[in-house]
Amino acid sequence: MSTAAGPTVPSLSGVAARAGQQTPAADRPVKIDAQHLNFYYGDTRALEDISVRIRRNIVTAFIGPSGCGKSTFLRTLNRMNDIIPGTRVEGKVLIDDTDIYGPGVDVVALRRQAGMVFQKSNPFPKSVFDNVAYGLRINGMASNRSELAGRVEESLKQAALWDEVKDRLDDSALAMSGGQQQRLCIARALAVRPDILLMDEPASALDPIATQRIEELVYDLKKAYTIVIVTHNMQQAARVSDYTAFFWLGRLVEYDRTDKIFTNPSEKLTEDYVTGRFG
Amino acid sequence: MEQRVRHFQEELDALQARLLEMGGLAEERVRVAIQGLVQREPALIERVMRGDEPLNELHIEVDSRCFTLLALYQPMATDLRAIVAAVKINTDLERVGDLAVNIAEAARRYVTHAPVKKLIDIPQMGDIAQTMLRDALDSFVRRDTRLAQQVLNEDDRLDGLKTQVFRELLTYMLHDPTTVEPALDLILISRQLERIGDHATNIAEDVIFMVSALDVRHHPPAPISE
């Protein structure tokens, strides 16, 4: 795809505005507002001037070829990149109008508010119950055993896992199937009552049935959460998301309603990517 | 995968509901047009001539839904056939709405003349066409190929009545040239009803393809079962 001069990335200033006019979700409050975000690994700029407004209670998918910056951008939304040495952020990310890179921000509280689910499920080597209860315990979010049990049950139900594990809450989480482990990680993220769920390729290591369950879950969870999902699987983005952002070489090329992106994208580059001409 | 993705199923159900709504509107328009003709009631005829908008809006909406479903879900097998069938049924139903308008236009002219004869075959054709339409859509909803086949069989009756109407009116026209104009309108109406039957037939063929992946178009008619 790339030529000597490189394809021209058109001005993006009008894209979000167009999207805003067309969407039925346009009247929802903005939950995450990234403004002119640049991100550097050492001297390398991995994200270039990203501005995007993500609205409440919808699913937004980030798509793009490997190395386009979609996971990096996702990780800037709860400052998960902070733990990587030599990284630097410029610009702002507002969540509920508060700049998460501003002074005095409690990063632990931020990550509780914006929970994350990773590509590879990573349950702790503990029981099912203790995995979900973990965040509640370390944050002192349950005052007694019955409240704790109630929250664990509620989270497992939200993650569509309760019926499968209710009789073996004391079994090791590591004995569960891959799909169950991933839903357990979602339950663990939900237990501390976040309002944003950041999912980084949550189904890429799962078989089609387990993938379908995760997709169903995403569909159900958006009623209560703002969800951002990174996926290299375009069909998955098409199926589960309301909005899609296409990244390429660290830039946000197009951000619009998912049906628009997959039926009539505004940018030639997006068209070439979704039709499989590159990437 | 045995169980379809639930929200895809919800979208398919919504699509089907819209098609049924269209079918109901189309059938109603045919019914009112024929009623206006038989009762020589200009208000009914006008209602058909001016009321095509809801059907046209649904036509666009259904196409848009199908387009989005194809793009976002990449349906396979039965699901793919269902959506392709929906696209075609949509076109058929919209055309039925247009044909109802054509009937109303001819009826409006016809009622300005003295009746050529008592209308018997044309109301019967109207009933058959409406039943075919209704059965075709029922067969779509119920995935019922037997009912769809019944619709295909009914089409012959409609064609036969059209020929009968033509022959009979020809004798009137030969006998009395002043009947030529109104009789031609009746012939036109019978022609529109026969075409409505053709659209119901198309829908039934699409249902058979959707359910069993059998393409029964352009084949000799199946024997009518006892």
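A compact table of results
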read-out: Sparsely packed trypsin sites (Lys or Arg not before Pro) within region A:188-279, loop by DSSP, other Cβ within 10 Å at most 16; value: A:K223, A:R277
read-out: Cleavage-rule hits (trypsin sites (Lys or Arg not before Pro)) in region B:72-129: DSSP loop, at most 16 neighbouring Cβ within 10 angstrom; value: B:K117, B:K118
read-out: DSSP bridge orientation in region A:13-274 - percent antiparallel, rounded to nearest 5; value: 60 percent
read-out: Partners for B:K118 among lysines (Cα-Cα distance below 24 Å; same-chain residues under 8 apart left out); value: B:K162
read-out: Alpha-carbon centroid distance for the pair region A:31-51 / region B:59-87, whole angstrom; value: 38 Å
read-out: Order of B:D13, B:D63 under a 10 Å beta carbon neighbour criterion, fewest first; value: B:D13, B:D63
read-out: Part-to-part distance (alpha-carbon centres) for region A:65-110 and region B:116-187, which is given in Å; value: 71 Å
read-out: Computed magnitude of the charge dipole of region A:23-70 (debye, nearest 20; Cβ of K, R +1, Cβ of D, E -1); value: 300 debye
read-out: Unit charges on C-beta of K, R, D, E only; dipole of chain B, Debye; value: 260 debye
read-out: Within straight-line cross-link reach of A:K166, aspartates and glutamates at Cα separation under 15 Å, skipping those fewer than 8 residues along the same chain; value: A:D130, A:E153, A:E154
read-out: Residue-by-residue Karplus 3J(HN,Hα) for region B:154-162, coefficients 6.51, -1.76, 1.60, Hz, glycine and proline x; value: 4, 4, 5, 4, 5, 4, x, 5, 4
read-out: Relative counts (whole %) of C-alpha pair distances in region A:13-274, using bins that are 5 Å wide; value: 1, 6, 13, 17, 19, 16, 13, 8, 5, 2, 0, 0
read-out: Positive-end residue, chain A charge dipole about Cα centroid, Cβ charges, pick of A:L198, A:I63, A:L252; value: A:L198
read-out: Calculated SAXS-style log₁₀ I(q)/I(0) at q = 0.19 Å⁻¹ - region B:20-150, Debye, Cα scatterers; value: -1.04
read-out: Residue (of B:L188, A:N38, A:G179) at the positive-pole extreme of the protein assembly as shown, dipole from beta-carbon charges; value: A:N38
read-out: Largest-first principal axis extents, alpha carbons of the protein assembly as shown, Å; value: 101, 57, 41
read-out: Region A:13-274 - charge dipole about Cα centre, Lys and Arg +1 at Cβ, Asp and Glu -1, debye rounded to 20; value: 300 debye
read-out: Across A:K70/A:K92; A:K92/A:K260; A:K31/A:K222, pairs whose alpha-carbon gap is larger than 20 Å; value: A:K92/A:K260
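Quick note: the coordinates plus some simple rules give every number you see, no bench work behind them. Every value quoted in this text rests on a predicted model; they were computed, and no experiment measured them. All Cβ positions, even for glycine, are placed from backbone atoms using ideal geometry, and neighbour counts span all protein chains on display.
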